[in-house]
Amino acid sequence: MTAHTTSDRGRRIVAVYPYHDEDGSLLFEVVRFEPKGFAQRRPDGNGGHSWGLNGQRRVPYGLPEVLAAPADALVFVAEGEKDVHTLRALGLTATCNPGGAGKWQPDFNMHFAGRDVVVLADNDGPGLAHADSVARNLHQVAHRVRLVWLPGPEKSDVSDWLDAGHSVDELLAVVAQTPDYEPPMESSGDAPTNVIEFRGSEAPVTKSAAVRLVEVLPDDAVLFHAPDGTEYTVVTVNGHRETLKIKSAAFRKYLARLLYLTEGKAPSSQALHDAVNLICAQALYDGHEQEVYLRTAPREGGGFWLDLCDPTWSAIEVTSHGWRVVENPPVRFRRASGMLALPVPQRGGTLDELDEFVNVRSADDRLLLRTIISSYMRPTGPYVVLALHGEHGACKSSAAKVIRLLIDPSSTLLSRAPRDEHNLFIAANNGWIVNFDNLSRLDTWLSDALCCLATGGGLRTRELYSDDTERIFSAMRPVILNGIEACITRGDLADRAVTIYLGQPERRQKESEFWRRFSASQPRILGGLLDAAVGGLRQVQAGVTVEHLPRMADFCEWGIAVEVSLGFEPSSFLTAYTKNHTDNNSLALESSPVASAIMALMTTNTMWSGTATELLEKLAPLAGEATRQKGWPADGARLRKALPRVMPNLREAGIHIHVGDREGKSGRRVIRIERVQSVQNTVSTVSSASESGAEAAGSPQPAEIPSALPSAVNASKHEPTDSTDSADGRKQPLSPAFAGVTKPKPVSRQEDF
């Protein structure tokens, strides 16, 4: 070591530590500055030096001395160069790695083959972790490895321990008492073993604040991890059990409070950080694996749990036998920032009260809305995307707030559309329902991402403040959108959506009065929803058979099961859903310039075939100004790529497209388009498992629904109407398509446990 008092790079150099290779040639130097700081420099070949290592080979400090030491000599590995010089002054062989804690390289191991090594840990979390890493590495090659921790004030090291009055003989005595280091099994996650604490007669052992924080954790605290590796603990607070994410502000405050109650002082931020890291390691490697849920969770044996999010951490248990509020439920719920409590539901409530706060315009929309809300309580999807539309003053935002307050209250009930997938991930991670307000359009990326959220899929986003760490979010979430214009125009999202049109309220009222009335009705409406869910679960348990399932089959099955409990006639759900789906499909076709042009082409043709380039030439005159829009394909190749997105919607409108394989030497790929005269829409047959097999076998077959081909020139209106009312106001019977639908057996609205 060379001491300096001159200035270098604007700071005062207090020490220079040279690193030499096996032959004693200088490789680089570590420079220590005052105020405390370190930098590396290397010889530049001209008698000077250049800052930075720039790929220079790294070796342990004092490597020639280590190699020259007797084969039976102890070799001490400390954390820094200052400690190495302290040990050398006592006649011991010592070394360290450049860069400090966490910078040991496997290339260093070969220099310690067959040696008796003592690894000295600094008195803090990173120091012990570094020492354990060094010991793990050297355990593979050294004859013997021992890991020694010398207690003292936090962040103290062997130099501080010796300065406190301990001697080299005491140090050697500690080493002699230390058993050989044995790394823990990879799957056990145990803390480093065989680490000895020195206990002198005059110097009491002082545990670090991090260790004391870990020790104040109660014995009944449960440490576990979720399947994605996130660490949690279950602790008792005021007589109830709470599930806390260990790397959260709530758990840090809980831990700090325990230390204050035990020792009467607050821990430092570093001590909390180190303790949390250690507890996370215990939860990840020693704890069991268990799923953690947000707001709703499946119940073993059927049914589900709905988290009240109240201060006692109670939840509502919902089964086919009834519902009840349970304290300390067996499932684990997490609480995201901003989540608010549901009211305690009241029995005997009715869903008719919901109509006072949501201005639905038809009986079909009323049925679909109630079905969607009840499905949003269930922990398993897929979930339809609810699109609320209406003119100015139709209370679309209020309706979206009402729906969320019934299932997933939050301090932020509505939010604007996210700017990117990262913000969408944050919204989905911090709430059960994703609720976007006042939309005029959906970007392509957002439409695709909402498809993933609604029916299940993964969103990948870069971990904040990292370059290569990726966070993967895989889940299904209910999604609510509202706006004046119909913003769902892409076919894949339209297939997953239900559009509800809201009308003007009969009378205007002050917002404070509106929410006062809703708060009074909310417990009864929630009770009515739970009663309906019980009836739906009972019908599912009895058996609901749906043949020829439509898109969003799981939602349709639930709609069929719950329609009677919601107060509607059997088979009315499929009628309403089919009509709504047809309207969404028509809107998707009208919104696509390619689909509209193909529909116009096929109004005068029953069959067309040709290449993509030839098709584009045919479509361009029919599209008119649409050819200048952003979505219009520039050439045949782009048109061929655009076809799969509109083919399902066109097929429902009676236009079938087939893209053939390449033909002949020229490699022509022929596209064939056919217009079907009548569209065969087979509606599902529904039967209850409680019915006899003879009755089910004797039910008539589903009828066919003829569908007129939509016109690409004269767009159809999508204003909703009551599906059971004719143009002159007279009631009409159900569609012939439902003549073969067997009514499910009615179930009672509520049965207490």
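Any residue at all in the range 500-518 that's part of a strand (DSSP E or B), open to solvent by 10 Å² or more (accessible area, probe 1.4 Å) and closer than 20 Å to Leu351 by Cα? So far as the range 500-518 goes, yes, one or more of its residues are part of a strand (DSSP E or B), open to solvent by 10 Å² or more (accessible area, probe 1.4 Å) and closer than 20 Å to Leu351 by Cα. Just one of the numbered conditions (1) assigned to a loop (DSSP other than H, G, I, E, B); (2) among the basic types (Lys, Arg); (3) free of Cβ contacts under 8 Å to residues at least 24 places away in the same chain is not true of Lys247: (3). Name the single residue that is most open to solvent (accessible area, probe 1.4 Å) among those in the range 418-432 being under 23 Å from Leu342 (Cβ atoms) and in a helix (DSSP H, G or I). By that ranking, first place goes to Ile426. Total residues in the range 553-569 satisfying the condition of being within 19 Å of Ile525 (Cβ to Cβ) and part of a loop (DSSP other than H, G, I, E, B): the figure is 6. Could you grab me the full set of residues in the range 87-121 that are surrounded by 21 or more Cβ atoms within 10 Å (Cβ to Cβ), part of a helix (DSSP H, G or I) and touching a Leu at 6+ places or on another chain (Cβ under 7 Å)? Listed by number, the list holds a single entry, Phe112. When Lys155 is tested against (1) out of contact with any strand residue (DSSP E or B) (no Cβ under 8 Å at 6 or more places or on another chain); (2) open to solvent by 30 Å² or more (accessible area, probe 1.4 Å); (3) at pLDDT 90 or above, just one condition goes unmet, and that condition is (3). Residues in the range 339-352: is at least one farther than 25 Å from Asp220 by Cβ, hydrophobic (A, V, I, L, M, F, W, C), in contact with a helix residue (DSSP H, G or I) (Cβ under 7 Å, 6 or more places away or on another chain) and open to solvent by 30 Å² or more (accessible area, probe 1.4 Å)? For the range 339-352, residues farther than 25 Å from Asp220 by Cβ, hydrophobic (A, V, I, L, M, F, W, C), in contact with a helix residue (DSSP H, G or I) (Cβ under 7 Å, 6 or more places away or on another chain) and open to solvent by 30 Å² or more (accessible area, probe 1.4 Å): present. The test for being closer than 30 Å to Asp169 by Cα, polar (S, T, N, Q) and either surrounded by fewer than 19 Cβ atoms within 10 Å (Cβ to Cβ) or modelled with pLDDT of 90 or more (or both) does not hold for Ser208.
Reported count of residues in the range 460-499, each being part of a loop (DSSP other than H, G, I, E, B), at pLDDT below 85, open to solvent by less than 80 Å² (accessible area, probe 1.4 Å) and within 24 Å of Asp583 (Cβ to Cβ), is 6. Note on the range 221-261: residues that are out of contact with any helix residue (DSSP H, G or I) (no Cβ under 8 Å at 6 or more places or on another chain) and of a type outside the set (A, V, I, L, M, F, W, C) total 15.
In the condition set (1) crowded, with 22+ Cβ neighbours inside 10 Å; (2) at pLDDT 95 or above, Ile372 is compliant with all but (1).
Only residues that are under 16 Å from Val646 (Cβ atoms), part of a loop (DSSP other than H, G, I, E, B) and open to solvent by 30 Å² or more (accessible area, probe 1.4 Å) were counted in the range 580-614, giving 0.
Inside the range 524-544, residues that are farther than 17 Å from Val358 by Cβ, in a helix (DSSP H, G or I) and open to solvent by less than 50 Å² (accessible area, probe 1.4 Å) make up a count of 11.
When the range 433-453 is filtered for residues that are part of a helix (DSSP H, G or I) and aromatic (Phe, Trp, Tyr), only Trp445 remains. For residues that are part of a loop (DSSP other than H, G, I, E, B) and touching a Lys or Arg at 6+ places or on another chain (Cβ under 9 Å), scanning just the range 280-292, find the one that is farthest from Ile316 (Cα to Cα). Here the residue is Gln290. When the residues of the range 122-136 are filtered to those that are open to solvent by 20 Å² or more (accessible area, probe 1.4 Å) and not in a loop (DSSP other than H, G, I, E, B), which remaining residue is farthest from Ala209 (Cα to Cα)? Among those that are open to solvent by 20 Å² or more (accessible area, probe 1.4 Å) and not in a loop (DSSP other than H, G, I, E, B), it is Arg136.
Pairing residues of the range 348-365 that are on the phi > 0 side of the Ramachandran plot with residues that are crowded, with 21+ Cβ neighbours inside 10 Å and basic (Lys, Arg), at Cβ distances under 8 Å and at least 6 apart in sequence or on separate chains, gives no pairs at all.
Considered as a group, the residues in the range 1-26 that are in a strand (DSSP E or B), open to solvent by 20 Å² or more (accessible area, probe 1.4 Å) and touching an Asp or Glu at 6+ places or on another chain (Cβ under 8 Å) include one that is modelled with the highest pLDDT, and that residue is Pro18.
Scanning the range 252-271 for residues that are under 32 Å from the mean Cα position of the chain (by Cα), within 16 Å of Glu215 (Cβ to Cβ) and assigned to a loop (DSSP other than H, G, I, E, B) returns a single hit, Pro267.
From the residues in the range 542-569 that are in contact with a helix residue (DSSP H, G or I) (Cβ under 9 Å, 6 or more places away or on another chain) and at pLDDT below 85, which one is farthest from Glu652 (Cα to Cα)? Top of the filtered list is Val544. For Arg41, the conditions (1) of a type in the set (D, E, K, R); (2) open to solvent by less than 40 Å² (accessible area, probe 1.4 Å); (3) out of contact with any Asp or Glu (no Cβ under 6 Å at 6 or more places or on another chain) all hold with the exception of (3).
Selection of the range 636-661 for residues being open to solvent by 60 Å² or more (accessible area, probe 1.4 Å) and either over 13 Å from Gly491 (Cα atoms) or in contact (Cβ under 8 Å) with a residue 24 or more places away in the chain (or both) yields Arg638, Arg640, Lys641, Arg645, Glu652, His656, His658, Asp661.
The values are calculated or read from the model by the stated rules, or taken from the named source; none is laboratory data. These numbers were taken from a predicted model, which means no experiment stands behind them. Note that each Cβ is placed from the backbone with ideal geometry, even for glycine, and that neighbours are counted across all protein chains shown. With ligands, DNA and RNA removed, areas are computed over all heavy atoms of the protein, side chains included. Shrake-Rupley method; radii C 1.70, N 1.55, O 1.52, S 1.80 Å.
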